[in-house]
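The values are calculated or read from the model by the stated rules, or taken from the named source; none is laboratory data. Remember, predicted model here, so these are calculated numbers, not experimental data. Here the Cβ positions follow ideal geometry from the backbone for every residue, glycine too, while neighbour counts run over all protein chains shown. Note: areas computed on protein heavy atoms with side chains; ligands, DNA, RNA excluded. Shrake-Rupley method; radii C 1.70, N 1.55, O 1.52, S 1.80 Å.
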Amino acid sequence: MHNMTFNSILDNDFYKITMQNAVVKLFPSQTVKYEFINRGKHHFPEGFDHALRETVNKMAELKLTKDEKKFLAKTCPYLNLPYLDFLEGYHYDPSEVKIVQTGNDLSVTVEGLWYRTILWEVPLLALISELHYEMNHMERDSNEIVMAKTLEKADSLNKLGVTFAEFGTRRRHSYKVQNLVMEALTQKKESTFIGSSNVHFAMKYGVKPIGTHAHEWFMFHGAEFGFKMANELALEHWVDVYRGDLGVALSDTYTTDVFFQQFDKKFAKLFDGVRHDSGDPLEFADKTIAHYKRHGINPLFKYIIFSDALNLEKVEEITNYCKGKIGVSFGIGTNLTNDVGLKPMNIVMKLIGVQSLNNEWIPTVKLSDEHGKYTGDPKMIELAKEFLRIKD
């Protein structure tokens, strides 16, 4: 029996909550499918599927508490009351998750109504990561070392004077480690630490939950409305729901160049900034600054959130490069929640299909700014590149 538990329905990334709210309003009858992708080719020991299944089944018992509902109502006024009532009545349905193990390979898929299944991805990845270390009997650094390492990082980031958030739920070593990290990050009163993408820990430690939307928001729009319209409609729908709140646009679902063609003056003024998640960060900064200038917008009134595999060296390089040119902020994930002397897992879970009206599955694709990172159905990737005039 594994001691794996999820303590809260809010132990999830905030952008899942904000996207769920938008999906409930705009796409309540869409059915989708997600798939686990083992990028790091990790080996799963015998019985892993059963241990994971057991925990997934237990998640059906999670409920939004009165205090959690109050916290959301107070902290996130743009999540309206009907949605918070919905979330209060929501519970995970384990039958949406299929888990199959063949030898050391693990297959996990999630299928069902989008507004229901959207919350599975992050906890599933967190569970797979935690179980992987536990069942392979891998020893991590002591609590003291984890705390000390985190404090040292926070110190360096404070000295750089950059704001940063903790984004590490999906590949954390464990709930315990993320808790230690948050404890360390919130110890100092004078700090540039601004919040966590994890809603449960944001509430526990009295900081802001941080996040807007993920690639799946754009990938869904690509499958549903066509690649040419994907960015524009995804942003337009976001604005319809949030009216200027949650104003950070994710830029690399169909490459940054294509994104900026559609991120016109209206969006550039309305959104506070953009998030960088793949490709060269300094090149991206140049493109973003040039884009704002082209539209007569002072880049110093806007900012970029960098969130792609960051460590302190990268943060320092980016900060120095952008100083005096554009605002910056950082979302640091695995480097905070899984720097425990073991190799962090390289795993993701992606939206892979959207069901059309005639019940056929339309595959989704993502064409990030790193060619090796194109994901999705090969035929669809070619189609998308054709439509969007993307040259390799």
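Measuring gaps between exposed loop sites in the chain (GluC sites (Glu not before Pro); DSSP loop; at most 11 other Cβ atoms within 10 Å), the longest gap, sites not included, is 191-359.
Label sites at Leu81 and Gln30, each approximated as a point 7 angstrom past Cα along Cα to Cβ, lie 2.8 nm apart. Highest average first, the peptides 170-176, 79-85, 47-53 ordered by how many other beta carbon atoms sit within 10 Å of their residues are 170-176, 47-53, 79-85. Just grab the label-to-label distance for Glu61 and Lys343, each label 7 Å out from Cα along the Cβ direction, in nm (one decimal). Between Glu61 and Lys343, the label points sit 3.6 nm apart.
Shape call for segment 128-170 from the C-alpha gyration tensor, a ≥ b ≥ c root eigenvalues: rounded (a/c under 1.5), prolate (a/b greater than b/c) or oblate?
Values: a/c = 5.41, a/b = 1.92, b/c = 2.81.
Note, shape of segment 128-170 comes out oblate.
Database remark: amide H of Ile352 closer than 5 angstrom to the amide H of Lys33, Tyr34, Glu35 (H placed geometrically; neighbours at sequence offset of 5 or more, or on other chains; Pro and chain starts carry no H).
State, to one decimal in nm², a quarter of the convex hull surface area for the C-alpha atoms of segment 207-260, i.e. the direction-averaged projected area. Kindly include the intermediate steps, with their values, before the conclusion.
Numbers: hull surface 15.7 nm².
The orientation-averaged projected area of the Cα hull of segment 207-260 comes to 3.9 nm².
The Cα trace of segment 113-204 gives Rg and Dmax of 14.8, 46 Å, the first to one decimal, the second as a whole number.
What is the antiparallel percent of DSSP beta bridges lying wholly in the chain, to the nearest 5? Intermediate values should be presented prior to the final figure.
Values: 23 of 44 bridges.
About 50 percent, rounded to the nearest 5.
Quick check on my link table: of Lys149/Lys314; Lys314/Lys385; Lys266/Lys350; Lys208/Lys366; Lys314/Lys350, which ones sit more than 19 Å apart, alpha carbon to alpha carbon? Too far apart for the 19 Å limit: Lys314/Lys385; Lys266/Lys350; Lys208/Lys366; Lys314/Lys350. For the chain, the solvent-accessible area works out to 43 Å² per residue, with a probe of 1.4 Å and every protein chain left in place. Listed peptides 338-345, 103-110 appear in the order 338-345, 103-110 once ranked by packing, highest mean of other Cβ atoms within 10 Å at the front. Taking a ≥ b ≥ c as the square roots of the eigenvalues of the Cα gyration tensor, segment 1-76 is classed as oblate, since a/c reaches at least 1.5 and a/b does not exceed b/c. Taking amide H atoms as placed 1.01 Å from N in the peptide plane, the amide H of Ala249 lies under 5 Å from those of Gly273, Val274, Arg275, each 5 or more residues away in sequence or on another chain. Residues whose amide H falls under 5 Å from that of Ser196, counting only those 5 or more places apart or on a different chain, are Glu166, Lys208, Ile210, with hydrogens built in the peptide plane.
Which Cα, out of Tyr254, Thr337, Leu351, lies furthest along the positive dipole direction of the chain (beta carbon charges, K/R +1, D/E -1)? Working it through, the farthest residue towards the positive pole turns out to be Tyr254. Taking all protein chains in place and a 1.4 Å probe, what share, in percent, of the accessible surface of the chain do carbon and sulfur account for? Its accessible area is 53 percent carbon and sulfur atoms. Can you pull the percent of Cα pairs in the chain with separation above 32 Å? The calculated P(r) of the chain puts 32 percent of pairs beyond 32 Å.
About its Cα centre, what dipole magnitude does segment 141-336 give when the only charges are +1 on Lys and Arg Cβ and -1 on Asp and Glu Cβ, stated in debye to the nearest 20?
Values: 24 positive and 25 negative charges, 100 e Å.
Value, rounded to 20: 480 debye.
D by Stokes-Einstein for segment 39-167, Kirkwood Rh over Cα pairs, 20 °C, 1.002 mPa s: 119 µm²/s.
Under unit Cβ charges (Lys, Arg +1; Asp, Glu -1), what dipole magnitude, rounded to 20 debye, does the chain have relative to its Cα centre? Could you put the intermediate results ahead of the total?
Working: 47 positive and 52 negative charges, 206 e Å.
Computed charge dipole of the chain: roughly 980 debye.
For segment 163-298, the equivalent ellipsoid built from the Cα gyration tensor has semi-axes of 30, 17, 14 Å, listed from largest to smallest.
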